[in-house]
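Working notes for the structure below.
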Amino acid sequence: MTVETTELSLPSRIDTVAAAAAAVAEFVGRSGIGDDAAFGIDMAVREAVTNAVLHGNRQDEDKTVEIILKSLPDAVEISVHDQGPGFHPEEVPDPTAPENILKTSGRGIFFMRSFMDEVDWSIRPGGGTTVRMLKRR
Amino acid sequence: MGELNINERQAGDVTVLDMSGKITIGEGSVALRTAIRRLLEEGKKRILLNLAGVSYIDSSGIGELVSSYTAINKESGQLKLLNLTQKLQDLLTITKLLTVFDVYESEAEALNSFK
């Protein structure tokens, strides 16, 4: 049973990351999630939205980032959808491998997986990538 | 007031940057990059980042710390970190960067470590 659902549609700009994080923090606050889990959700959402704005929509302001927040009885589920060409998460190198530790980027997906209980990607009919993330209560 | 505030002071030949706010994509990361570049241009290559007031950092901010570290090393300088919050320390641990950075909890100890 879904307790509460909120949908956001935001422009493909860098400042959308902070706007999304603020909206999610407010939603998470209402959902009765603990501080540690809320911190992890905040980290993961910022990384997911950053990826959607930069790599998915490539800051094309004609494209939007859609975020769906669901407060479920046992978890909070967050989906971030972009209108980009899609990507293969398995092709992203492990940022903790010795040869990658000093790279200046490539840690976003690692953080999302570190802080959420489930993370998966799908290509939506009609185009774009959706990342769905779940944090259990 | 910006997302990240950086106050510069000199302790002998070490430049200390007292930072407060967020090092995140956009303004915060850019502020750190700009400050480090300026110090290197001024020939200040011994830099201690006091991160006590940094409440939040994302992967972009972590990337900027790495970028600062490599830029300073390239100029034969030294970058050290002081007063990490528990959350930042956790992030550096899981990314295995805690083994890369020279990290201190005491400013006196950090300043003495510059050779």
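More than 30 Å apart: what percent of Cα pairs in the protein assembly as shown qualify? For the protein assembly as shown, the share of Cα pairs beyond 30 Å comes to 31 percent. For the Cα trace of chain B, dividing Rg by the Kirkwood Rh returns an Rg/Rh value of 0.92. Applying 1/(1 + (r/R0)^6) with r as the Cβ-Cβ distance of B:Glu41 and A:Ile14 and R0 = 30 angstrom yields a FRET efficiency of 0.70. Shielding value for B:60-70 is 4, the average number of Cβ atoms from other chains within 10 Å of each residue's Cβ. For the cross-link pairs A:Lys63/A:Lys135; B:Lys45/B:Lys87; A:Lys63/B:Lys87; B:Lys22/B:Lys80, the ones whose C-alpha atoms lie over 30 Å apart are A:Lys63/B:Lys87. The local environment of A:Ala18, defined by Cβ-Cβ distances under 12 Å, has a net charge of -2 under the rule Lys, Arg +1 and Asp, Glu -1. Taking amide H as placed 1.01 Å from N in the peptide plane, A:Val65 has its amide H under 5 Å from the amide H of A:Leu10, A:Ser12, each at least 5 places away in sequence or on another chain. Going 7 Å from the Cα of A:Asn100 along its beta-carbon direction, which residues of the stretch A:29-64 have the amide nitrogen within less than 20 Å of the resulting point? Taking a point 7 Å out along Cα→Cβ of A:Asn100, the residues of the stretch A:29-64 whose backbone N falls under 20 Å are A:43-56. Judged by the mean number of other Cβ atoms found within 10 Å, the most tightly packed of the peptides A:123-129, B:24-30, B:57-63 leads the ranking B:57-63, B:24-30, A:123-129. Computed over the alpha carbons of the stretch A:24-137, Rg followed by Dmax gives 14.3, 42 Å. Residues whose amide H comes within less than 5 Å of that of B:Asp102, counting only those at least five positions distant or on another chain, are B:Leu81 (H built at 1.01 Å from N in the peptide plane). Does anything in the stretch B:28-59 have its amide N under 20 Å from the 7 Å Cα→Cβ label point of B:Lys74, and if so which residues? Inside the label zone: B:29-49. Couplings for the stretch B:90-103, taken from phi via the Karplus curve 6.51 cos²θ - 1.76 cosθ + 1.60 with θ = phi - 60°, read 4, 5, 5, 5, 5, 8, 6, 7, 5, 7, 8, 7, 8, 10 Hz in order; Gly and Pro are left as x. Here B:Lys74 is the anchor, and the aspartates and glutamates within straight C-alpha reach of less than 17 Å, apart from those fewer than 8 places off in the same chain, are B:Glu41, B:Glu42, B:Glu64, B:Asp102.
Every read-out reported here was derived from the displayed coordinates using simple, explicitly stated rules and does not represent laboratory data. Keep in mind that what you see is a predicted model, and the values were worked out from it rather than measured. Cβ sites come from the backbone with ideal geometry, for glycine too, and all protein chains shown count toward neighbours.
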